[in-house]
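Note sheet for the following structure.
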Amino acid sequence: MRAAFPDFRLGNVLATSFTGTLSERHGDAVERIPTPQRLIDWLVVNGLAVDSCTTAQLDLARELRESIHAAATAAAIQDALPASAVQVINDCSTQGRAAAILTPEGMRRWRLSSASCVEDALSVIAADAISIIAGERDGRLALCASPTCQAAFFDTSQSRTRKWCDMNTCGNRQKKARFNANQRKNPRSAE
């Protein structure tokens, strides 16, 4: 029987969705890619299908994930980017041999080489991180307002005032906690 894993938290931005494979970093951390197969599953869901993954490649992926998180967090609070994180992101970006291709429907897809597919996928993720951290895309990096999460996310809302990495998890949890606290203060308001 296959072990049950937590669902992926999918977003519109590849790099910050990747950092979301470890959530609740300041609470009870939830690892969403605990095995090489689970990394393969995440890559497939995000259009970067690979055939196999070793434990060493999973370790590299996690190192990239944590480097993107550190650099994105620093960028969100307008702090200096950690040199070690920048180095990992740059190394992963240059190690892959992925190519952007245009589909007949006018969509961009990634073609990964057959020799180093995981490294190719990681190079695509690293390049995406570089584009958002460098400010090349319309939006802003922000940190989730949940005290247990504080994930970096890329806010593309019109007002650029989003507070939560994911409204369905962190946002709802915080709103529910606030509602329950108000109910305890004012028990008659529920009648």
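Residues with beta-carbon under 14 Å from that of A129, excluding A129: net charge, scoring Lys, Arg +1 and Asp, Glu -1?
-3
In terms of the Cα gyration tensor, with a ≥ b ≥ c the square roots of its eigenvalues, is the chain rounded because a/c is under 1.5, prolate because a/b exceeds b/c, or oblate?
Here the chain falls in the prolate category.
Where the only charges are on Cβ atoms (+1 Lys, Arg; -1 Asp, Glu), what is the dipole of the chain about its Cα centre, to the nearest 20 debye?
Using only the charged Cβ atoms, the result is roughly 1000 debye.
Counting Lys +1, Arg +1, Asp -1, Glu -1, what net charge surrounds F153 among other residues with beta carbon under 12 Å of its beta carbon?
Counting the neighbours of F153, the net charge comes to +3.
From the helices alone, meaning DSSP H stretches of at least four residues, give me the mean residue ellipticity at 222 nm for the chain, per-run term -39500 (n - 2.57), in deg cm²/dmol to the nearest 500.
Here the helix-only value at 222 nm equals -14000 deg cm²/dmol.
Mind ordering 29-38, 68-77 by average Cβ neighbours within 10 Å, highest first?
Going by the mean number of other Cβ atoms within 10 Å, highest first, we get 68-77, 29-38.
Leaving out ligands, DNA and RNA, and with a 1.4 Å probe, what % of the accessible surface on the chain is carbon or sulfur?
Within the chain, the accessible surface is 51 percent carbon and sulfur.
Tell me, how many Å apart are the Cα centres for the stretch 117-148 and for the stretch 5-47?
Here the two parts' Cα centres lie 14 Å apart.
Where a Cα-Cα gap under 24 Å defines reach, which lysines qualify for K185, not counting those fewer than 8 residues away within the same chain?
K175, K176
Report the Cys residues of the chain lacking a disulfide-compatible partner, meaning no second Cys Cβ under 4.7 Å from their Cβ.
C53, C92, C117, C170
Could you please report the charge total around T21, scoring K, R as +1 and D, E as -1 over all other residues with beta-carbon less than 9 angstrom from its beta-carbon?
Once positives and negatives cancel, what remains is +4.
The values are calculated or read from the model by the stated rules, or taken from the named source; none is laboratory data. In this text the structure is predicted, and so the values were computed from the model without any measurement. Glycine gets a Cβ as well: all are built from the backbone with ideal geometry, and neighbour counts include every protein chain shown. Ligands, DNA and RNA are excluded from the accessible area calculation, which covers all protein heavy atoms including side chains. Shrake-Rupley method; radii C 1.70, N 1.55, O 1.52, S 1.80 Å.
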